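Notes to accompany the following structure.
The values are calculated or read from the model by the stated rules, or taken from the named source; none is laboratory data. Fair warning: this is a prediction, and the values are worked out from it, not measured in the lab. Note that each Cβ is placed from the backbone with ideal geometry, even for glycine, and that neighbours are counted across all protein chains shown. Just so you know, the surface numbers come from the protein's heavy atoms only, side chains and all, with ligands and any DNA or RNA stripped out. Shrake-Rupley method; radii C 1.70, N 1.55, O 1.52, S 1.80 Å.
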Amino acid sequence: MSSIKIKLKEKDVQQIKEIASSFGNKPGELINVLHKTQGVFGYLPAEVQEVVAREMNVSVAKVYGVVTFYSFFTMIPKGRYPISICTGTACYVRGAEKVLDEFKKELGIKVGESTPDGKFSLTCLRCVGACGLSPVVTVGTKTFGRVSPDKVKDILKEFD
Amino acid sequence: MAKQIKMHLLVCCGTGCRASQSATLQKALERELKTNGLEDEAKVVTTGCFGFCEKGPIVKVHPDNTFYVEVKPEDAEEIVKEHVLKGRKVERLLYTDPKVKEHVPDSKHMGFYRKQIRIALRNCGLIDPENIDEYLARDGYQALGKVITEMTPESTIDVIKKSELRGRGGAGFPTGLKWEITRKSKSDQKYVVCNADEGDPGAFMDRSILEGDPHVVLEAMAICGYAIGADKGLIYIRAEYPLAIHRLKIAIEQAREYGLLGKNLFNSGFNFDIDLRYGAGAFVCGEETALIHSMEGERGEPTFKPPFPSVEGYLGKPTNVNNVETFANVPIIINKGADWFKTIGTEKSKGTKVFALAGKINNVGLIEIPMGTTLREVIFEIGGGIKDGKKFKAVQTGGPSGGCLTEKHLDLPIEYETLVAAGSMMGSGGMIVMDEDDCMVSVAKFFLDFTVEESCGKCSPCRIGNKRLYEMLDTITKGEGTMETLDKLKNLSKVIKDTSLCGLGQTAPNPVLSTINNFWDEYVEHVVDKKCKASVCKSLMRYVVIPENCVGCTVCARNCPVNCIKGERKQVHEIDQTACIKCGACYEKCKFNAIEIV
Ligand SMILES: Cc1cc2nc3c(=O)[nH]c(=O)nc-3n(C[C@H](O)[C@H](O)[C@H](O)COP(=O)(O)O)c2cc1C
Ligand code: SF4
Ligand code: SF4
């Protein structure tokens, strides 16, 4: 599944159990359970998926199939400051690609990766709906509008 | 006795304005009112989107309709001391009309609003979406009361049918007819589903309605439930819309408290309640069968229709799926009547349509126009024309399923049928304007990149075919395409359209076909002359030094990351084309305009 191996603590397993039972352990609630679980762990590594599958009484393959289908679910941990570049159409025509290139260059990582120190991760998303401010970049809960490649360094500095 | 509030300061707290600190602004205004002892005279109200996102954050003052733009928290003091206290407008914060360069005192005189009619957005920017009383004060839940206490389900459906309301989610299916089919499907359990997946990247109409006026959707869903015989509603909303989710949750809670959702509504024995279901970032889940599978906890893969959801939908039960904006039209149609609604719009498309206007346009924002308005009016009057005085090139509607229209289409009325005939479609309401700096081959490639990533992979024409389309477009942008590539593009596009299982695949080639049809010369230029006039396709660009302008300042050579510019001080420089990576650094750094792109 994924290259990252983690060991779940008893407390973590307990937490997943509680989430699953709060949705009545119904297989139809799988996506809601995964949303909540990702909210707790930040991502959905294989080990977590296995517990979810057991609790929801479905196969691990089914859980894996759902996790990989939806781009919102991730099997890789995000950085402490997850950076998302909006690559919706409005941002695209106003130069989001150049901004993305600059982030890749400054951080030395590709889309979907995290910096080795775990500080930043880089993803693209499709339209946050702040098209008036395009190109838009979000870092954690903070939104930056009208970003140009030369502003990238300043944005990163804010998180020192 | 408390003094009567004379003035309201409406602060937009939609996602767009929140991103530029409107929440801090709101607090600053409240603080200033308090410091100046004006709490009893003026009140700060947080509202949904005013639509004029380009100039956010926006503060609108009622009752005089003053429209302040790009307001910063620091400006709060002046607004309160000057406007609220002394009744003098703060000139410098007023919107300036770019055409006449004058301040516009109120929103009624802004070109942006003049041609708009607000039906679906009528409460957005006017009421506090987190307060059900404000919705009630605007005739909220009156329509629901009316249908339950005075009308039969059949007569309710009749009004919607007569209004000729068509689905705003893209395809334009007659809403009344859909309700009737679902009503006629026999079952012990039926569902009303609101499609709030809004997958088109560059569209934010539905989100703005949910953020600005969540109750209108709840009310309409209950009306639909009454009409089709369902007691359960589900809203399928993107998890990427946290603010809309937050406001919906509050709205549902309040409606339950007021007995407007739940059991025995209006003492009629009719029950209706609503729950939220979250999407997880898959464009194809906007397609109704995929959406239903996703709500069931499965992968969101579409299935063949028929059976349509109206007959066999969520958990196998009859399910009526409508779009957010479609629902937003329903209560007012019930209140004002089908005949009123039909006076707006054109022969085949009644009412209004909301568009998210974005791209290279002066007034980016959310607009609602009567059907039949021309693209020219939208782009040049409401939108205020093209940014930076550039030349208009194309307008894209319908998102990844739509097409690019050009200069020659500008006078077309916006209607379902005309847009399809012109090679695009209404879609859910994304409208992206492009100028002379946009390369149409690259735009087509951008959309294909999107569909390839979002294809669920269930059927091969879409999964493999679109990938091949993307690769062909890629070779063209790299200067490796031939006239034969163009032929293949056209043929494969037709095959994919004819043979894909769901709407995603069937419409995915539209951006390719419409750009080929409308910008054939540009494609030929790419494959024959190996040129990209818009200077977007890197492989087709060359940076060269103009000897007459070069003074030999060496700035370019010092900034070139690959050291491929040679030349002595005070001598004309030269770029080694074989080593140049086309980063453009030299072009940006040269102060003598001595480097050009050819
Ligand atoms: C690939 C694809 C994506 C779609 N995305 C959406 C969407 O984001 N929102 C929406 O309301 N309808 C979307 N639709 C249309 C829905 O399938 C459906 O027709 C619509 O929700 C019906 O509601 P309406 O009749 O009120 O428009 C999409 C269709 C396809 C094929
Ligand atoms: S057309 Fe594309 S998205 Fe639709 S079912 Fe086929 S593969 Fe899936
Ligand atoms: S475009 Fe970049 S690589 Fe090419 S010559 Fe200029 S600075 Fe050097």
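Annotations for the structure displayed:
- Residue selected from region B:114-143 under the condition out of contact with any strand residue (DSSP E or B) (no Cβ under 8 Å at 6 or more places or on another chain) and of a type in the set (Lys, Arg), by the criterion most open to solvent (accessible area, probe 1.4 Å): B:Arg114
Per-residue answers, yes or no, for (1) within 16 Å of ligand 1 (Cβ to nearest atom); (2) under 20 Å from B:Cys502 (Cα atoms):
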residue	(1), (2)
B:Leu412	no, no
B:Gly423	no, yes
B:Met426	yes, yes
B:Met440	no, no
B:Val443	no, no
B:Leu448	yes, yes
B:Ser460	no, yes
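- For region B:576-598, the set of residues classified as within 41 Å of the chain's Cα centre (by Cα) and either open to solvent by less than 100 Å² (accessible area, probe 1.4 Å) or over 22 Å from A:Lys98 (Cβ atoms) (or both) consists of B:Cys580, B:Ile581, B:Lys582, B:Cys583, B:Gly584, B:Ala585, B:Cys586, B:Cys590, B:Ile595, B:Glu596, B:Ile597, B:Val598, listed by residue number.
- Count of residues meeting criterion [farther than 22 Å from B:Phe204 by Cα and open to solvent by 10 Å² or more (accessible area, probe 1.4 Å)] in region B:372-416: 13
- Hits in region B:561-575 (condition: open to solvent by 70 Å² or more (accessible area, probe 1.4 Å) and in a loop (DSSP other than H, G, I, E, B)): B:Pro561, B:Asn563, B:Glu568, B:Arg569, B:Lys570, B:Gln571, B:Val572
- Taken over region B:496-510, the residue count meeting the criterion of being among the β-branched types (Val, Ile, Thr) and more than 8 Å from ligand 1 (Cβ to nearest atom) is 2.
- Filtered residues of region B:548-580 (kept if within 11 Å of ligand 3 (Cβ to nearest atom) and either within 14 Å of another protein chain (Cβ to nearest Cβ) or of a type in the set (Val, Ile, Thr) (or both)): B:Val555, B:Asn559, B:Pro561, B:Val562, B:Ile565, B:Ile575, B:Thr578
- Test: residue in region B:145-163 that is within 14 Å of chain A (Cβ to nearest Cβ), crowded, with 20+ Cβ neighbours inside 10 Å, touching a residue at least 60 places away in the same chain (Cβ under 8 Å) and closer than 30 Å to B:Leu419 by Cβ: no
- Residue count for region B:491-506, restricted to those that are near ligand 2 (Cβ under 9 Å from one of its atoms) and more than 14 Å from B:Arg463 (Cβ to Cβ): 1.
- Identity of the residue in region A:73-95, more than 10 Å from every other protein chain (Cβ to nearest Cβ) and among the aliphatic types (A, V, I, L, M), that ends up nearest to A:Glu158 (Cα to Cα): A:Ile83
- Count of residues meeting criterion [out of contact with any Cys (no Cβ under 6 Å at 6 or more places or on another chain), more than 18 Å from B:Gly229 (Cβ to Cβ), open to solvent by 30 Å² or more (accessible area, probe 1.4 Å) and within 14 Å of chain A (Cβ to nearest Cβ)] in region B:287-318: 4
- Candidates B:Thr175, B:Thr182 - the one that is within 16 Å of ligand 1 (Cβ to nearest atom), in contact with a Pro (Cβ under 7 Å, 6 or more places away or on another chain) and of a type in the set (S, T, N, Q): B:Thr182
- Considering region B:289-317, the residues that are out of contact with any helix residue (DSSP H, G or I) (no Cβ under 9 Å at 6 or more places or on another chain) and not in a loop (DSSP other than H, G, I, E, B) include one that is nearest to ligand 2 (Cβ to nearest atom), namely B:Thr289.
Here is a yes/no grid of residues against (1) within 14 Å of chain A (Cβ to nearest Cβ); (2) open to solvent by less than 10 Å² (accessible area, probe 1.4 Å):
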site	(1), (2)
B:Asp437	yes, no
B:Glu454	yes, no
B:Pro461	no, no
B:Gly479	no, no
B:Met483	no, no
B:Leu489	no, yes
B:Ile516	no, yes
B:Leu540	no, no
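- Applying a threshold of 6 Å to beta carbon distances and a minimum spacing of six or more residues, or different chains, the list of pairs starting in region B:549-563 at a residue that is β-branched (Val, Ile, Thr) and ending at one that is open to solvent by 30 Å² or more (accessible area, probe 1.4 Å) and away from ligand 2 (no atom under 16 Å from the Cβ) reads B:Val551/B:Phe592; B:Thr554/B:Arg569; B:Val555/B:Lys589; B:Val562/B:Ala579; B:Val562/B:Ile581.
- Note on region B:410-426: residues that are in contact (Cβ under 8 Å) with a residue 60 or more places away in the chain and more than 17 Å from B:Ala358 (Cβ to Cβ) total 6.
- Against the numbered list (1) surrounded by fewer than 20 Cβ atoms within 10 Å (Cβ to Cβ); (2) in contact (Cβ under 8 Å) with a residue 60 or more places away in the chain; (3) part of a helix (DSSP H, G or I), B:Ser535 comes up short only at (3).
- Scanning region A:107-143 for residues that are within 14 Å of chain B (Cβ to nearest Cβ), open to solvent by 20 Å² or more (accessible area, probe 1.4 Å) and in a loop (DSSP other than H, G, I, E, B), we see that the one that is farthest from A:Phe159 (Cα to Cα) is A:Arg126.
- Count of residues meeting criterion [of a type in the set (D, E, K, R) and farther than 23 Å from B:Glu454 by Cα] in region A:105-126: 4
- Taking region A:56-91 as the range and being open to solvent by 40 Å² or more (accessible area, probe 1.4 Å) and over 17 Å from A:Ser121 (Cα atoms) as the test, the residues that pass are A:Asn57, A:Ser59, A:Val60, A:Ala61, A:Lys62, A:Tyr64, A:Thr68.
- Taken together, A:Leu30, A:Leu44, A:Leu8 contain a single residue that is part of a loop (DSSP other than H, G, I, E, B) and open to solvent by less than 30 Å² (accessible area, probe 1.4 Å), which is A:Leu44.
- Where strands (runs of 3 or more DSSP E) sit wholly within region B:19-113, none has at least 3 residues that are surrounded by fewer than 22 Cβ atoms within 10 Å (Cβ to Cβ), under 30 Å from the mean Cα position of the chain (by Cα) and small (Gly, Ala, Ser).
- Condition met for B:Arg558 (over 12 Å from B:Ala594 (Cα atoms), open to solvent by 80 Å² or more (accessible area, probe 1.4 Å) and either assigned to a helix (DSSP H, G or I) or among the hydrophobic types (A, V, I, L, M, F, W, C) (or both)): yes
- Odd one out for B:Val512 among (1) away from every other protein chain (no Cβ under 14 Å); (2) more than 16 Å from ligand 2 (Cβ to nearest atom); (3) touching a residue at least 12 places away in the same chain (Cβ under 8 Å): (2)
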